[in-house]
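Following: one structure in structure tokens, then a few remarks.
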Amino acid sequence: MTTSEDGFALDEAVLRQRKAATERRVYGRHVPALRAGGFMVLCIVAALQAPAGVPLHQQPAWLVLVALNLGYATIAWALLHWGAGRSGRLDLPLLLFHVDLLVWLVNLQFLEQATLFFAYFLLLRVADQVGYGFRRALYYGHVVTAGYLAYALWIAQVEPARALWPERLGILVTLYLLSLYLALTGLVTERLRRRTREAVHAARALVDRLARQAADLQSQTVELERARRQAEQASLAKSQFLAVTSHEIRTPMNGILGAAELLNATPLSAAQRHYVRTAHRSARALLALIDDVLDLSRIEAGRLQLHLAPTDLRQLVDDAVDLVDLAAHGKPVTLGLNLPPSLPQRVQADGVRLRQLLVNLLHNAVKFTDEGAVRLEVQVLAQTTTTLTLRFSVHDSGIGIPADQLDAIFDAFTQVDATSTRRHGGSGLGLAIVHQLATLMGGTVRVASVPGQGSHFWVDLPLALAPDPAPAAPAIAAPVAPDATGARLLLAEDDPVNQMVVAEMLRLLGCAVDVVADGGAAHQAVLDGGYDLVLMDCHMPEVDGFEATRRIRAAPAGAARTPVVALTADALDSDRRRCLDAGMDDVLTKPVSSAQLAAAVERWTGRPTRPAMQW
């Protein structure tokens, strides 16, 4: 790991590397240079104190002193340079500092010929050790004091005339006191070093902790990313499974419902007609359950998008009430509607999903009301020039909901009575879809209930106002010739049951029908000409409905303008967009009724049909 020497680092390996490099630099270059400089200064001082009148090169004592200082400085430099990083446990600088004292005492013996003051130079050795801390400086203070005392005793033996004990004892006491003072200053340095070391350790611990946390966060990020991908894959697999399941269920459901409708059009006894209608209602209930599961799954996966358009609000509310009124036929329940006069006529909304929300609320109220009344009320809570907030309230006089179950009432597959003896059926998806749709529309749904008296559900929705449409010119109906025949249709469908059911329903509507089983045959039949409308299944062998439609749109002008309506079991919004992108004009979703077929034929051919089957 390469780092800048002057950069801040807390990594222990980097710090050890820097410490070793610093020691080699300090003890191999800086300290020897300073020592050499110090002995050069001693030589200069000795020259200044040498006897005057005699040239220095003629003074043997001075020459010996200079040789000693420079020779010792050179040897010490070589030892320190060589021993930097190699001396192991042997502390060469500490050893040489002891030898320095002896050399300094030799210099002192020469310098004292002028004055005893030069003894205080020995304190420089103590001052050098202050940076290492109190104990080392105190130790050197005692070494210097003891060394000077030994030197004084030696002078008294060798040169008694220079003993001068009163002066030397004063110097000795002063040296000791000054060395103590210098050692005490080392306490500050020692404290600063200790605090710095503690700060570095704390910072290192913090960095280590942050590094561990960063590693943990990185690991969590990887895990979350893996979980996100798995969730997306699971969501995609769920959507694909639901799409395939919906398609595979809707295809036979089209045969069941279509066959029941065709059977109902034949001469039947009263009992037989009752059985047929019961089978048809049961199949419709199963289809509604499939649609609910599919809608809830799309909402939870975030794949359901709202398609806002100008919507006739009063008509939408009337339609919702009418739909539920038909479903409640035969039940002693009165369905009511209350609209305020100030209710705007048109708003920007997804009419299909808003109608679904209201129908689910009303259907839930009717289901849990054995007798009595269900009322839908619309209130304008707030309104500006461009927006308004509406409250859709559904009151019923049904069984009510216990207070401890109100919080769970909007959960999927949840019912107030989930026991095996419950009287009211259902999957428990209706209110869950209401809650999800209200949230998707930016609104809220609430409930208040009293067991045995009824419930009150309300949804508050923010909506944008839509301008009223321009008055349309009165339509003039084109006269129909008395001998006008039904439209000629091409049905492209590979499933034999659906071929039979749809073709027979179209013939009952008065249409002439040709049937092909793949997209290539449908393309060729359109090129041959003569068809008013093509009903195109999307999934067929060889050539599918999408490619067949693209080929038809690329055909010569006459064939290219032939209306193509998808007749598919794919029920997702993305499937509808794919059909329209391929060039189809409209989409019918299986299972399809004769009424839906009649509406599509009349819309795209302009020709009337026979009355569709009414249940």
Exercise. Taking the condition at negative phi and open to solvent by 90 Å² or more (accessible area, probe 1.4 Å), does Glu198 pass?
Worked result: yes
Exercise. Could you give every pair whose Cβ atoms fall below 9 Å, whose first residue belongs to segment 566-591 and is closer than 17 Å to Val352 by Cα and in a helix (DSSP H, G or I), and whose second residue is of a type in the set (Lys, Arg) and open to solvent by 30 Å² or more (accessible area, probe 1.4 Å), counting only separations of at least 6 or pairs across chains?
Worked result: Asp573/Arg303; Ser574/Arg303
Problem set entry | Residue list for segment 592-607, restricted to those being crowded, with 19+ Cβ neighbours inside 10 Å and assigned to a helix (DSSP H, G or I) | Ser594, Leu597, Ala598, Ala600, Val601, Trp604
For this session: Among the residues of segment 202-232, count how many are under 29 Å from Ser297 (Cβ atoms) and either in contact (Cβ under 8 Å) with a residue 24 or more places away in the chain or touching an Asp or Glu at 6+ places or on another chain (Cβ under 9 Å) (or both).
Result: 0
Seminar exercise, completed: Asp514 fails exactly one of (1) outside the structural domain of Glu493 (by the TED database); (2) modelled with pLDDT of 90 or more, namely (1)
Exercise. Within the set of pairs 6+ apart or on separate chains, which have a first residue in segment 521-549 that is over 15 Å from Asp494 (Cα atoms) and part of a helix (DSSP H, G or I), a second that is of a type in the set (Gly, Ala, Ser) and modelled with pLDDT under 90, and C-beta atoms under 7 Å apart?
Worked result: Val526/Ala555; Val526/Ala559; Leu527/Ala555; Leu527/Ala559
Seminar exercise, completed: Out of (1) part of a helix (DSSP H, G or I); (2) exposed (fewer than 13 other Cβ atoms within 10 Å of the Cβ), the one Arg89 does not meet is (1)
For this session: Read through the list (1) farther than 25 Å from Arg446 by Cα; (2) modelled with pLDDT under 80, then give the number of the only condition that Arg298 fails.
Result: (1)
Exercise. Counting only residues that are more than 18 Å from Leu527 (Cα to Cα) and of a type outside the set (Gly, Ala, Ser), how many does segment 544-584 have?
Worked result: 12
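Residues are listed down the side, and each one gets a yes or a no for (1) assigned to a helix (DSSP H, G or I); (2) at pLDDT 90 or above; (3) farther than 27 Å from Leu286 by Cα; (4) open to solvent by 10 Å² or more (accessible area, probe 1.4 Å):
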{"position": "Leu381", "(1), (2), (3), (4)": "no, yes, yes, yes"}
{"position": "Ser393", "(1), (2), (3), (4)": "no, yes, yes, no"}
{"position": "Thr414", "(1), (2), (3), (4)": "no, no, no, yes"}
{"position": "Ser420", "(1), (2), (3), (4)": "no, no, no, yes"}
{"position": "Ala438", "(1), (2), (3), (4)": "yes, yes, no, no"}
For this session: Could you check Val516 against (1) crowded, with 17+ Cβ neighbours inside 10 Å; (2) over 27 Å from Asn264 (Cα atoms) and say which number it fails?
Result: (2)
Exercise. Inside segment 339-379, can you point out the residues that are under 19 Å from Gly398 (Cβ atoms) and either acidic (Asp, Glu) or open to solvent by 70 Å² or more (accessible area, probe 1.4 Å) (or both)?
Worked result: His363, Asp370, Glu371, Arg375, Glu377
Exercise. Quick check: is even one residue across segment 62-85 free of Cβ contacts under 8 Å to residues at least 12 places away in the same chain, open to solvent by 60 Å² or more (accessible area, probe 1.4 Å) and not in a helix (DSSP H, G or I)?
Worked result: no
For this session: Confirm whether Leu533 is surrounded by 15 or more Cβ atoms within 10 Å (Cβ to Cβ), touching a Leu at 6+ places or on another chain (Cβ under 7 Å) and within 25 Å of Leu263 (Cβ to Cβ).
Result: no
Exercise. Any residue at all in segment 128-142 that is of a type in the set (Lys, Arg), in a helix (DSSP H, G or I) and open to solvent by less than 30 Å² (accessible area, probe 1.4 Å)?
Worked result: no
Exercise. From the residues in segment 143-192 that are assigned to a helix (DSSP H, G or I), small (Gly, Ala, Ser) and free of Cβ contacts under 8 Å to residues at least 24 places away in the same chain, which one is surrounded by the fewest Cβ atoms within 10 Å (Cβ to Cβ)?
Worked result: Ala161
Exercise. Given the residues Ala211, Ala260, Ala279, which is the only one that is within 46 Å of the chain's Cα centre (by Cα), part of a helix (DSSP H, G or I) and either surrounded by fewer than 14 Cβ atoms within 10 Å (Cβ to Cβ) or at pLDDT 80 or above (or both)?
Worked result: Ala211
For this session: Taking only segment 110-127 into account, find how many residues are open to solvent by 50 Å² or more (accessible area, probe 1.4 Å) and farther than 19 Å from Ala36 by Cβ.
Result: 5
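The values are calculated or read from the model by the stated rules, or taken from the named source; none is laboratory data. Worth saying up front: this structure is predicted, and the values here are computed from it rather than measured. All Cβ positions, glycine included, derive from the backbone under ideal geometry; neighbour counts span all protein chains shown. Only protein heavy atoms, including side chains, enter the accessible area calculation; ligands, DNA and RNA are left aside. Shrake-Rupley method; radii C 1.70, N 1.55, O 1.52, S 1.80 Å.
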